[in-house]
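The structure appears right after this line, and notes come after that.
The values are calculated or read from the model by the stated rules, or taken from the named source; none is laboratory data. Owing to the predicted nature of the structure, the values given are computational and were not obtained by experimental measurement. Positions of Cβ are backbone-derived with ideal geometry, glycine not excepted, and every protein chain shown enters the neighbour counts. In case anyone asks, the SASA skips ligands and DNA or RNA and just uses the protein heavy atoms, side chains included. Shrake-Rupley method; radii C 1.70, N 1.55, O 1.52, S 1.80 Å.
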Amino acid sequence: MRNPKLISLPLVLAGAVACHAAQPFLTQISSNSWVLGNDLWNATIGPTYGKPIYFNNREIVGEAVGHYAGFNSGGEVELDNQAADIFASGDDFIDVRFNTSYGEFHWVLFDGLPGAYQYFVNSNLPVLGIFRSLVRLDNTTFVNGHTAIKDEALPLYSSILAGTKVQDETWLTADGSYITKYDWSSFNKDLSFYGVYGSGFGSWYIRAGRDYLNGNHLKQELLVHRESASGDTVQLNVVHGTHFQASSSDVLPAGKILGPWLWYLNNGSVTDASQRAVQEEAAWPYEFVTDTAYQQRVAHVTGSIVLSDGRPAAGAAVFLGDADANETSLDQGRGFYYTTYADSDGAFEFQHVRAGTYGLEAWGNGGSLAAVTTRLLVDEVAVTAGENEVSLGQLEWALAAGRTLVFQIGALDRKTTGFRNGGAPYQHALIAQSPANVTFVVGSSLPADDWWFGQSAIGSWDVVFEVTPEDLALNRSGVLTASLAGYSKGTTGSVYINRAVVANATVSRLGSLTDGLPSDPSACRSATTAGEWHLIEILVPTDLLVEGNNTFSFVVDTYTLWRGWFWDSILFEWE
């Protein structure tokens with residue numbers, strides 16, 4: 001192990017340090033500022049902000065704010081860098097620790113690496129909504145954004161200034177289009193890298209391991225944007241967030257590590273960033289992390305799931321998260337979280353799982369499970385350190401018993417995919433393009449053409465279906481299942497059966513579609529695929545049904561612009 005590079009430089013170098021040291025270094029230049037880097041890049045870190053930042057002998061922050069980290073807990077609070085030291089070192093790296101009032105923020109610097117690994121060790125964070133690191137960069141150098149969905153120029157600052165603000169970080173332009181930072185979002189668990197770039201320069205966040213991110217497969221977060229107050233190019237790293245959730249208020253345990261992720265600098269090549277992400281995936285979990293609990297992992301946690309009717313749970317979404325959780329899997333955020341999908345035989349595998357006790361959840365992801373309304377819950381799943389593999393064996397998933405499907409619109413997968421405009425790229429106000437009134441005829445209408453992903457405007461969406469004399473003669477009750485992929489409050493709805501043919505409309509009202517549902521902001525924040533999932537089951541008495549055509553009506557009672565619900569699936573079954 002080499003000697004750590006903690007060196008002193010003359011004060012005149014502060015703010016203008018050229019890349020000078022082949023090996024990684026940490027330099028204190030005043031009582032509360034430091035320079036760290038290597039021969040490719042360096043950054044001056046102050047009590048809160050990191051700037052200037054040099055890469056390839058060019059300063060890349062300019063008039064922007066630079067690097068910082070912090071959280072939102074009733075207001076934004078930035079980490080206060082109080083002291084710095086070299087926490088650990090190896091033959092080719094140093095781990096620089098900044099002590100703050102809330103924990104330790106680490107920069108891990110390697111020889112020849114343009115950028116740094118970063119992680120945060122909690123000691124005193126309050127109840128959290130959001131924790132993030134970010135870098136705000138020169139807007140003339142970093143002009144493009146890249147996510148898993150978008151790769152294009154960021155909006156011009158002049159266009160934001162010329163627009164009319166219509167809601168949180170959203171502007172209407174003269175041509176009728178919208179500019180909003182929420183268009184630059186993505187699902188977190190499958191996102192390995194993203195960033196901002198321009199001619200000759202790129203800045204990327206690469207997340208090889210994502211178990212420290214809160215939420216399940218459908219966790220979404222904001223990634224990059226144009227800062228509306230200054231025009232800075234913003235690259236966000238939200239590792240605990242709530243931008244698309246009903247709630248996520250967590251007290252993180254002392255010692256919890258958020259990260260590591262890699263902040264990577266290059267020449268602006270998306271291809272190079274993608275290749276580096278593959279390289280990082282192969283190297284995770286990282287050996288340079290000295291924390292014992294981080295390194296205590298089981299390489300393979302395996303199992304298989306079979307439905308109670310004997311079918312394999314092919315393609316099921318499988319989630320490993322908090323044991324004895326009171327929150328939905330999307331809203332969990334205190335621990336560590338693993339996501340996967342079962343194969344065609346119902347077999348699943350999680351890799352590199354930290355030792356601990358977990359809860360397991362599985363739900364249908366379309367395909368052969370498209371009509372499965374239940375979910376699998378298994379608590380107290382023990383993952384013990386020292387094992388190479390932990391097998392959970394075969395798990396049985398109980399189905400709703402004694403039901404016969406009459407019709408279904410859309411597959412149960414907690415997403416809007418399969419409906420018109422469902423799963424489109426993030427786009428503000430897309431829900432406003434859905435019609436006020438819809439008539440869907442079971443047997444002839446098509447979900448992809450005739451049923452929209454989201455409902456918002458005052459009106460009625462009607463589903464016409466046939467009931468035979470034989471069905472009525474059996475005198476069975478029905479169950480109407482409305483599966484919502486998200487709901488944003490301000491718009492409310494009710495469900496009716498045959499309201500046009502019942503004299504007293506209150507008799508045909510089966511109930512509310514939205515009362516008591518937690519609200520998420522997905523519909524008004526550019527999401528088109530999912531928000532917070534809800535399953536509503538309503539009993540339909542036989543005496544409200546008639547021979548021949550019947551109609552379920554999903555009626556918007558009150559309306560707020562860009563608020564409403566996302567559709568996942570609608571089923572009607574006989575009990």
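So, in the stretch 18-68, of the ones that are in contact (Cβ under 8 Å) with a residue 40 or more places away in the chain, small (Gly, Ala, Ser) and over 13 Å from ALA116 (Cβ atoms), which residue ends up surrounded by the fewest Cβ atoms within 10 Å (Cβ to Cβ)?
Ranking the candidates gives ALA22 first.
When the residues of the stretch 330-365 are filtered to those that are within 19 Å of GLU389 (Cβ to Cβ) and outside any strand (DSSP E or B), which remaining residue is most open to solvent (accessible area, probe 1.4 Å)?
So, considering only residues that are within 19 Å of GLU389 (Cβ to Cβ) and outside any strand (DSSP E or B), the one most open to solvent (accessible area, probe 1.4 Å) is ASP345.
Considering only the stretch 489-513, how many residues are at pLDDT 95 or above, among the hydroxyl-bearing types (Ser, Thr, Tyr) and open to solvent by 10 Å² or more (accessible area, probe 1.4 Å)?
Looking only at that region, the number is 3.
Across the stretch 539-572, what is the total count of residues that are open to solvent by less than 20 Å² (accessible area, probe 1.4 Å), in contact with a strand residue (DSSP E or B) (Cβ under 6 Å, 6 or more places away or on another chain) and closer than 16 Å to VAL463 by Cβ?
14
Can you tell me which residues in the stretch 257-274 are open to solvent by 10 Å² or more (accessible area, probe 1.4 Å) and under 23 Å from the mean Cα position of the chain (by Cα)?
The answer is TYR264, VAL270, SER274.
Name the single residue that is surrounded by the fewest Cβ atoms within 10 Å (Cβ to Cβ) among those in the stretch 99-123 being among the small types (Gly, Ala, Ser) and under 29 Å from PHE201 (Cα atoms).
Per the stated criteria, the residue is GLY112.
From LEU265, LEU218, which residue is in contact (Cβ under 8 Å) with a residue 12 or more places away in the chain, touching a Ser or Thr at 6+ places or on another chain (Cβ under 9 Å) and within 28 Å of ILE160 (Cα to Cα)?
Matching residue, one of LEU265, LEU218: LEU265.
Among the residues of the stretch 537-553, is there at least one that is under 23 Å from GLY366 (Cα atoms) and of a type in the set (D, E, K, R)?
Yes, the conditions are met somewhere in the stretch 537-553.
Limited to the stretch 301-324, what total is found for residues that are open to solvent by 40 Å² or more (accessible area, probe 1.4 Å) and not basic (Lys, Arg)?
Going through the stretch 301-324 one residue at a time, the tally reaches 5.
When the residues of the stretch 137-163 are filtered to those that are of a type in the set (D, E, K, R) and part of a loop (DSSP other than H, G, I, E, B), which remaining residue is nearest to TYR68 (Cα to Cα)?
Across the stretch 137-163, the extreme among qualifying residues is ASP138.
Hey, PRO126 hits all of (1) under 22 Å from the mean Cα position of the chain (by Cα); (2) part of a strand (DSSP E or B); (3) surrounded by fewer than 21 Cβ atoms within 10 Å (Cβ to Cβ) but one; which does it fall short on?
Among (1) under 22 Å from the mean Cα position of the chain (by Cα); (2) part of a strand (DSSP E or B); (3) surrounded by fewer than 21 Cβ atoms within 10 Å (Cβ to Cβ), PRO126 violates only (2).
Any residue in the stretch 94-114 that is assigned to a loop (DSSP other than H, G, I, E, B) sitting within a Cβ distance under 7 Å of a residue that is open to solvent by 50 Å² or more (accessible area, probe 1.4 Å) and hydroxyl-bearing (Ser, Thr, Tyr)? List the pairs, counting only those 6 or more apart or interchain.
These pairs meet every condition: TYR102/SER123.
If you go through the stretch 82-98 one residue at a time, how many are open to solvent by less than 20 Å² (accessible area, probe 1.4 Å) and within 16 Å of GLN28 (Cβ to Cβ)?
Adding up the residues that qualify gives 3.
Could you say whether any residue in the stretch 383-396 is within 21 Å of the chain's Cα centre (by Cα) and open to solvent by 20 Å² or more (accessible area, probe 1.4 Å)?
The answer is no, given that none of the residues of the stretch 383-396 is within 21 Å of the chain's Cα centre (by Cα) and open to solvent by 20 Å² or more (accessible area, probe 1.4 Å).
How do the strands (runs of 3 or more DSSP E) wholly within the stretch 398-485 filter down when requiring 1 or more residues that are in contact (Cβ under 8 Å) with a residue 60 or more places away in the chain and on the phi < 0 side of the Ramachandran plot: which remain?
404-409, 459-467
Kindly evaluate ASP515 against the criterion of being assigned to a helix (DSSP H, G or I) and either farther than 22 Å from THR170 by Cβ or of a type in the set (Lys, Arg) (or both).
no
Restricting attention to the stretch 518-575, which residues are of a type in the set (D, E, K, R) and in contact with an Asp or Glu (Cβ under 6 Å, 6 or more places away or on another chain)?
ASP520, GLU532, listed by residue number.
Answer yes or no as to whether SER456 is touching a helix residue (DSSP H, G or I) at 6+ places or on another chain (Cβ under 8 Å) and either open to solvent by less than 20 Å² (accessible area, probe 1.4 Å) or basic (Lys, Arg) (or both).
yes
Condition first: assigned to a loop (DSSP other than H, G, I, E, B) and either of a type in the set (A, V, I, L, M, F, W, C) or in contact (Cβ under 8 Å) with a residue 24 or more places away in the chain (or both). Now tell me which residues in the stretch 75-91 satisfy that.
Answer for the stretch 75-91, where residues must be assigned to a loop (DSSP other than H, G, I, E, B) and either of a type in the set (A, V, I, L, M, F, W, C) or in contact (Cβ under 8 Å) with a residue 24 or more places away in the chain (or both): LEU79, ASP80, ASN81, GLN82, GLY90, ASP91.
To keep it simple, each residue is scored yes or no on (1) open to solvent by 10 Å² or more (accessible area, probe 1.4 Å); (2) closer than 27 Å to ASP331 by Cα.
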| site | (1), (2) |
| --- | --- |
| GLY202 | no, no |
| ARG226 | yes, no |
| VAL238 | no, yes |
| ALA254 | yes, yes |
| VAL298 | no, yes |
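Consider ALA299 carefully, then state whether it is small (Gly, Ala, Ser) and touching a residue at least 12 places away in the same chain (Cβ under 8 Å).
On the way: small (Gly, Ala, Ser): yes; touching a residue at least 12 places away in the same chain (Cβ under 8 Å): yes.
Answer is yes for this residue.
Being under 20 Å from TYR487 (Cβ atoms), under 25 Å from the mean Cα position of the chain (by Cα) and either of a type outside the set (Asp, Glu) or at pLDDT below 95 (or both) narrows it down to one of GLY356, GLY367, GLY422, so name that one.
None of the other options fit; the residue is GLY422.
If you go through the stretch 441-450 one residue at a time, do you hit one that is over 24 Å from SER329 (Cα atoms) and at pLDDT below 95?
no
Within the stretch 228-284, can you find the residues that are among the charged types (D, E, K, R) and assigned to a strand (DSSP E or B)?
ASP250
Whether any residue in the stretch 182-197 is part of a loop (DSSP other than H, G, I, E, B) and surrounded by fewer than 14 Cβ atoms within 10 Å (Cβ to Cβ) is what I want to check.
yes
Please determine, by comparing only the residues of the stretch 273-293 that are in contact (Cβ under 8 Å) with a residue 12 or more places away in the chain and of a type outside the set (A, V, I, L, M, F, W, C), which one is nearest to GLY145 (Cα to Cα).
Per the stated criteria, the residue is SER274.
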